[in-house]
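Input: a single structure, listed below in structure tokens.
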Amino acid sequence: MDAALLNRIKATLEKHSPEQIKYDCPKCEDRGYIFKIQDGYEVAVPCECLEKKQSVEKMARSGLTEAFKQRTFKTFIVNNEWQLEAKAKAMDYSKNFKETKASLMLSGQPGSGKTHIGVATMLRLIENNTGCVYREYISMLTDLKQTSMDEEEYIRSLEKYINPPVLFLDDFLKGEPTIADRKHVYKIINTRYLKSMPMIISTEKSVKEILNWDEAIGSRIIEMCQGNVIEFPRGLENNYRLRGVI
């Protein structure tokens, strides 16, 4: 049989053979686990791709918009010493998180970068395969108040803020918090406190102001933070949104 005929037969067979499956991870064929023989038994071992997949899934459930996902430590512009110190403290916090399981509070002037640092910290935790959810404080309160008259709906709403491994609560105590707000806030904070479930909190309030508003809530937050409180300086000159205006 000549070479030309052999090539035609080969091409025909390849054309009609089943298409080869392409895997994102050829090592485990996208199963997330590989099988090895240990002590004479076949055991399943997590593949190195599994943690990356889980991080991607956690990012999808984080509640962050695409714009917020760009607020990384890398994109946080440092113009002065206090910004450098805040960034360094947040990076140390995220680095040590798996050992400490502490909370983080970012307190200070509007526009000083609290939310950016908080989101950057949250993204770093997600990269390290820790589930995080972002929620705005005002939206949370609105949700809880709207469902408070229906016990089942209220419990479902509470679970959105109680269950995430890490909850980032942005703009905590924004506006004029009322006495009625306390019962909702206390349920979230106290439940997470009792379950040792960390939080990232950004707020315009100082530690003293939070304690004066409600000592039970404030003292729980401070204890959960284990010293991880970053205070941004006050003053309009530290509001980056107003740069070039004042």
Exercise. Between rounded, prolate and oblate, where does region 101-198 land on the alpha carbon gyration tensor, with a ≥ b ≥ c its root eigenvalues, rounded for a/c under 1.5, else prolate if a/b exceeds b/c?
Worked result: oblate
Exercise. What list of ³J(HN,Hα) values in whole Hz, one per residue of region 200-211 in order, does the Karplus curve 6.51 cos²θ - 1.76 cosθ + 1.60 (θ = phi - 60°) give from phi, with Gly and Pro shown as x?
Worked result: 10, 10, 10, 7, 7, 7, 7, 4, 4, 5, 5, 5
For this session: Starting from the Cα gyration tensor of region 161-235, take the square roots of the eigenvalues, sort them a ≥ b ≥ c, and report rounded, prolate or oblate (rounded when a/c is under 1.5, otherwise prolate if a/b is larger than b/c, else oblate).
Result: oblate
For this session: For region 135-191, list log₁₀ I(q)/I(0) at each q in 0.23, 0.26 Å⁻¹, using the Debye formula over Cα point scatterers of equal strength and ignoring solvent, two decimals each.
Result: -0.94, -1.20
Seminar exercise, completed: For region 82-97, Karplus-derived ³J(HN,Hα) couplings (6.51, -1.76, 1.60; θ = phi - 60°; whole Hz; x for glycine and proline) come out as 5, 5, 4, 5, 5, 4, 5, 5, 5, 5, 5, 4, 5, 5, 9, 4
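Here, each number is a calculation from the coordinates, and none is a lab measurement. Values in this document were obtained by computation on a predicted structure and should not be read as measured data.
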